[in-house]
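Q: Below you'll find the structure I mean.
The values are calculated or read from the model by the stated rules, or taken from the named source; none is laboratory data. Remember, it's a predicted structure, so these values are computed and weren't measured experimentally. Cβ placement follows ideal geometry from the backbone for every residue including glycine, while neighbour counts extend to all protein chains displayed. Areas reflect the complete protein model, heavy atoms only, side chains present, ligands, DNA and RNA absent. Shrake-Rupley method; radii C 1.70, N 1.55, O 1.52, S 1.80 Å.
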Amino acid sequence: WGADRLQKKRKYGNGLLLNNMSLEEALAEIQLKPDVSLKNKDVLYTHRSTVEGDIYFLTNQTADKVVIFPEFRVHGLQPELWDAVSGSMRNLPEYSYNGKSTVVPLQLEAYESAFIVFRKTAAPSKTGSKNFPSSEVVTELRNVWEVKFERASRGPAKTIEMEELSDWSKHANEQVKNYSGTAVYTTTFNIAELPRGNSFIDLGKVMVMGKVKLNGVDVGTVWTAPYRVDVTTALKKGSNKLEVEVVNTWVNRLIGDSKLPEKERGTWLNANPYKPESAYQSAGLLGPVKLEHIVY
């Protein structure tokens, strides 16, 4: 190191000796950018290189929607978004280059994750195009909902009508409040004309899973934000029938049964942490439910 052993770098042959600096400082010294530059520390990533291209997995670790501008150490390739929840794969038309890196505007819903894939030669970035164009509400579903619970799971024997969607755990009917199992929501809505672009049913929020049918066509299952399914091929002009089959966890039933004499309980656990005073879990289709369209 010569006379000054506290110096941070020293040229040696064709290379450098680096000392007394962080890894980030050392990488900056040799002008090596991070694999992914992210200013948001709540978004984590991992990366795998394959013979077909580079696959990045990004995950939002928060309960809030995030808008990010990650810089990938990739150049000259087309960014794609692969959604493991829906199985969809599409090009991301909005991106820019920063030296040998590619900046791709992204947004992730609460706890959402996505694969960003680079495998094809890049097409020119489309001026004015957005990777996540805003959705436009066609209509909000405000008709009465008919909700049918399973009698075998100790739900109400009769179908319940809901003028507005509400949380089972806050319902005045104890059979609904303590219900754990499956319930089927049914309603209808009308549209005068089919919207252009892709049409979606946005369920707002579902606790905890929902299977969606439109006009008898199974259009998908939701269990995480965004609680939205593509209904483009099932939607029709005029009257449409929407069915949402919702299932919740066993927590509310366990709490409800803890209030009963032991002989009347239908559930049990070797170690049951739930008591009459335990907090109920939110359950059911909470909404608001909207028909939206997006033009990519």
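Q: Where the second residue is at pLDDT below 95 and open to solvent by 20 Å² or more (accessible area, probe 1.4 Å) and the first is aromatic (Phe, Trp, Tyr) and lies in the stretch 243-257, which pairs have Cβ atoms under 7 Å and are six or more apart or on separate chains?
A: Short answer, once both residue conditions are applied: Trp250/Thr267.
Q: Taking the stretch 86-131 on its own, how many of its residues are among the polar types (S, T, N, Q), surrounded by fewer than 16 Cβ atoms within 10 Å (Cβ to Cβ) and closer than 15 Å to Asp54 by Cβ?
A: Here the count works out to 1.
Q: Okay, moving on. Does Val206 qualify as being under 20 Å from Lys148 (Cβ atoms), among the hydrophobic types (A, V, I, L, M, F, W, C), modelled with pLDDT of 95 or more and crowded, with 17+ Cβ neighbours inside 10 Å?
A: Taking the combined requirement at face value, the residue satisfies it.
Q: Is at least one residue of the stretch 171-182 aromatic (Phe, Trp, Tyr) and open to solvent by 70 Å² or more (accessible area, probe 1.4 Å)?
A: No: zero hits.
Q: Right, here's the next one. For Ser166, are the conditions met, namely being over 23 Å from the mean Cα position of the chain (by Cα), surrounded by 15 or more Cβ atoms within 10 Å (Cβ to Cβ), at pLDDT 95 or above and in a loop (DSSP other than H, G, I, E, B)? Can you show your working first?
A: Working: over 23 Å from the mean Cα position of the chain (by Cα): no; surrounded by 15 or more Cβ atoms within 10 Å (Cβ to Cβ): yes; at pLDDT 95 or above: yes; in a loop (DSSP other than H, G, I, E, B): yes.
No, not satisfied.
Q: Out of the stretch 63-72, which residues are of a type outside the set (Asp, Glu), at pLDDT 95 or above and surrounded by 13 or more Cβ atoms within 10 Å (Cβ to Cβ)?
A: Of everything in the stretch 63-72, those that are of a type outside the set (Asp, Glu), at pLDDT 95 or above and surrounded by 13 or more Cβ atoms within 10 Å (Cβ to Cβ) turn out to be Val66, Ile68, Phe69, Pro70, Phe72.
Q: Which of the strands (runs of 3 or more DSSP E) found entirely inside the stretch 178-296 contain at least 2 residues meeting this: more than 23 Å from the chain's Cα centre (by Cα)?
A: 182-191, 238-247
Q: Something else now. Could you tell me whether Phe149 is among the aromatic types (Phe, Trp, Tyr), within 16 Å of Lys290 (Cβ to Cβ) and crowded, with 17+ Cβ neighbours inside 10 Å? Let's see the steps before the verdict.
A: Numbers: among the aromatic types (Phe, Trp, Tyr): yes; within 16 Å of Lys290 (Cβ to Cβ): no; crowded, with 17+ Cβ neighbours inside 10 Å: yes.
For Phe149, the condition - among the aromatic types (Phe, Trp, Tyr), within 16 Å of Lys290 (Cβ to Cβ) and crowded, with 17+ Cβ neighbours inside 10 Å - is not met.
Q: Consider Val184 against the criteria (1) touching a helix residue (DSSP H, G or I) at 6+ places or on another chain (Cβ under 7 Å); (2) touching a residue at least 60 places away in the same chain (Cβ under 8 Å): it satisfies all of them except one. Which criterion is unmet?
A: (1)
Q: In addition: For residues that are in contact (Cβ under 8 Å) with a residue 24 or more places away in the chain and either touching an Asp or Glu at 6+ places or on another chain (Cβ under 9 Å) or open to solvent by 60 Å² or more (accessible area, probe 1.4 Å) (or both), tally how many sit in the stretch 38-52.
A: At the first step, the residues of the stretch 38-52 found to be in contact (Cβ under 8 Å) with a residue 24 or more places away in the chain are 38-40, 42-43, 45, 52.
When the remaining residues are screened for being either touching an Asp or Glu at 6+ places or on another chain (Cβ under 9 Å) or open to solvent by 60 Å² or more (accessible area, probe 1.4 Å) (or both), the result is 38-39, 42, 45, 52.
Qualifying residue count, the stretch 38-52: 5.
Q: Name the single residue that is most open to solvent (accessible area, probe 1.4 Å) among those in the stretch 213-227 being closer than 22 Å to Gln281 by Cα and not aromatic (Phe, Trp, Tyr). Walk me through how you get there before you give the answer.
A: First, the residues of the stretch 213-227 that are closer than 22 Å to Gln281 by Cα: 221-227.
Keeping just the survivors that are not aromatic (Phe, Trp, Tyr) gives 221-222, 224-226.
Working: Thr221: 61, Val222: 7, Thr224: 37, Ala225: 25, Pro226: 39 Å².
Going through the qualifying residues, I end up with Thr221.
Q: Looking at Arg196, Arg228 in this structure, which one is touching a Phe, Trp or Tyr at 6+ places or on another chain (Cβ under 9 Å), modelled with pLDDT under 95 and within 18 Å of His293 (Cα to Cα)?
A: Answer to the selection: Arg228.
Q: Right, Asn248: in contact with a Pro (Cβ under 7 Å, 6 or more places away or on another chain), open to solvent by less than 80 Å² (accessible area, probe 1.4 Å) and not hydroxyl-bearing (Ser, Thr, Tyr) or not?
A: The answer is no for Asn248.
Q: Just to verify a result, which residue in the stretch 53-62, among those that are part of a loop (DSSP other than H, G, I, E, B) and open to solvent by less than 50 Å² (accessible area, probe 1.4 Å), is farthest from Gly76 (Cα to Cα)?
A: The extreme case among them is Thr62.
Q: Sticking with this one: Inside the stretch 276-295, can you point out the residues that are modelled with pLDDT under 95 and surrounded by fewer than 13 Cβ atoms within 10 Å (Cβ to Cβ)?
A: Answer for the stretch 276-295, where residues must be modelled with pLDDT under 95 and surrounded by fewer than 13 Cβ atoms within 10 Å (Cβ to Cβ): just Val295.
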